[in-house]
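The values are calculated or read from the model by the stated rules, or taken from the named source; none is laboratory data. Given the structure is predicted, the values throughout are model-derived calculations rather than measurements. Backbone-built Cβ (ideal geometry, glycine too); neighbour counts: all protein chains shown. Each accessible area value is taken on the protein alone, full model and side chains, heavy atoms only, with ligands, DNA and RNA left out. Shrake-Rupley method; radii C 1.70, N 1.55, O 1.52, S 1.80 Å.
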Amino acid sequence: MAEDQKKRVLLVEDAGLVRMYYREALQGAGFDVDEALNGIEALEKLLTAPVDLLIVDVNMPQMDGLTFIRTLRRQTPAIASIPVLITSTESSPQDIHAARIAGANFYLTKPVGQEQLVLHARILSGCVA
Amino acid sequence: MPADVPPVTGEEFRVLCEFLYRRTGMVFTEAKRYYVQRRVTERLQATGFTSYAHYFARLRADSGDEIEQLINAFTVNETYFYREEHQLRCLTSDLLRERIRTKPRGRPIRIWSVPCSTGEEPYSIAIWLLENWPEVDAYDIDIVGSDIDTQVLDAARAGVFGKRALMHLPPRLVNQYLEPLDGEQWRIVEDLRQSVSFSTVNLVEMAETRAHGRFDVIFCRNVLIYFDDASRRLAAENLYENLEPGGFICLGHAESMSRISPLFDVCRYADAIVYQRPMEGARG
Ligand SMILES: C[S@@+](CC[C@H](N)C(=O)[O-])C[C@H]1O[C@@H](n2cnc3c(N)ncnc32)[C@H](O)[C@@H]1O
């Protein structure tokens, strides 16, 4: 991706090691990566700098992933329309359904391989290549 | 100009070594006389005492933090990144896989680096997991580094390292997980520093080891070599209580549990020999 058309991703994840693991993969694939430790911080960041994709962990302190998405979808259209990729250790149909209802665009069950993450980030953020 | 400190007499040497042994489990023999003299001289100069009798009285009174300073001065803190890499390989290829099989969902994976000295070992474990364990995002991973030496723990928390410590870490990983400070020093990136927690522990004090809870894997490398049989056994029995049933302990290459305690099962994996706390009910 050329510097000026780099897609921006906001990674919303409380675990430092997981943030590093995902960031490494995304940056390696040419994404511009910003991070938030929970939903509250993510909403704050989005108000100042919108992004092309949100990657959101379900289990987070302060504001969990699903509450975050529901709040996100009630913001102004520019922010409310940002695609959301959920990552979660839960894999039951009920969990996936709950994420869909909350407004998630796609759901990946952890462990999410680095390649798999990049592939889905590309599709959801509208990368051409 | 520091005050002159006389050489220790045989009796003073004995009293000092006995004191250190009771406090830490570390054994200093006549062969280590030069090492002992250098360090105790350093402490006398730092505190302004000129006689051992007065200095020992101060230690016995336990006033201020002199016991802590004395212990800090006597520990051997040599360590570096990716030391005995084959054990790290064993961690991801066998030990964690084994632990996960029997672990109830949602429970964190806990790894203890004890003693951790200046932090190279626990940070190496974190880097190794990020690089070699594709399931790193599927578990809450709790990495704890502990040591008796409060000075090395401060250094570990700061996470600043020189060339020597980084010698065995591939340059790509240095670039990725550390930021250059100047030509000579690098600092562990913030996220990685936040992922490892540090605490003080004395391996031969059960109350202190107990307070750390139970772990899936313990790295206890290159400390038992400084102990005698009795303190080795004490440390091993304390650590046994810090393992989940089925949890593993990795020792340094010169150390063998079979000679220390019968509590553990020996496990031979392709990359390393490790010791396991038997599963509950596995023995009569
Ligand atoms: C040579 S370093 C080993 C560091 C690391 N495990 C490695 O293998 O590279 C030995 C460490 O043991 C610590 N130590 C000595 N006695 C101890 C005790 N009783 N309890 C906890 N740590 C102790 C020292 O402070 C020192 O940092």
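Taken over the stretch A:71-90, the criterion of being within 14 Å of chain B (Cβ to nearest Cβ) and in contact with a Gly (Cβ under 8 Å, 6 or more places away or on another chain) is satisfied by A:86, A:88, A:89. All of B:110, B:101, B:39, B:105 fail the test of being assigned by TED's automatic domain parsing to the domain that holds residue B:164 and in contact (Cβ under 8 Å) with a residue 24 or more places away in the chain, apart from B:110. Residue count for the stretch B:152-169 satisfying the condition of being more than 14 Å from every other protein chain (Cβ to nearest Cβ), within 16 Å of the ligand (Cβ to nearest atom) and closer than 26 Å to residue B:69 by Cβ: 11. Taken together, A:24, A:44 contain a single residue that is at the interface with chain B (Cβ under 10 Å from one of its Cβ atoms) and open to solvent by 10 Å² or more (accessible area, probe 1.4 Å), which is A:24. Listed by position, the strands (runs of 3 or more DSSP E) enclosed by the stretch B:170-243 that each have at least 3 residues that are farther than 19 Å from residue B:108 by Cα and either within 14 Å of another protein chain (Cβ to nearest Cβ) or open to solvent by 40 Å² or more (accessible area, probe 1.4 Å) (or both) are B:178-180, B:185-188. Taking the condition open to solvent by 30 Å² or more (accessible area, probe 1.4 Å), touching a strand residue (DSSP E or B) at 6+ places or on another chain (Cβ under 8 Å) and hydrophobic (A, V, I, L, M, F, W, C), does residue B:109 pass? In short, no. Counting the residues of the stretch B:106-151 that are in a helix (DSSP H, G or I), within 11 Å of chain A (Cβ to nearest Cβ) and touching a Phe, Trp or Tyr at 6+ places or on another chain (Cβ under 6 Å) gives 2. Taking the stretch A:43-64 as the range and being at pLDDT below 95 and under 23 Å from residue B:106 (Cα atoms) as the test, the residues that pass are A:58, A:59, A:60, A:61, A:62, A:63, A:64. Screening the stretch A:105-129 for residues that are more than 14 Å from every other protein chain (Cβ to nearest Cβ) and polar (S, T, N, Q) and picking the one that is surrounded by the fewest Cβ atoms within 10 Å (Cβ to Cβ) gives A:105. Among the residues of the stretch B:255-268, the one identified as in a loop (DSSP other than H, G, I, E, B) and open to solvent by 60 Å² or more (accessible area, probe 1.4 Å) is B:262. Applying the set (1) within 14 Å of chain A (Cβ to nearest Cβ); (2) at pLDDT 95 or above; (3) open to solvent by 40 Å² or more (accessible area, probe 1.4 Å) to residue B:83 leaves exactly one unmet item: (1). Looking at the stretch A:1-16, which of its residues are within 14 Å of chain B (Cβ to nearest Cβ) and either modelled with pLDDT under 95 or within 12 Å of residue A:117 (Cβ to Cβ) (or both)? Result: A:11, A:13, A:14, A:15, A:16.
The residues listed here are B:215, B:227, B:264; of these, the one that is in the same structural domain as residue B:97 (by TED's automatic domain parsing) and either within 13 Å of the ligand (Cβ to nearest atom) or in contact with a Cys (Cβ under 6 Å, 6 or more places away or on another chain) (or both) is B:227.
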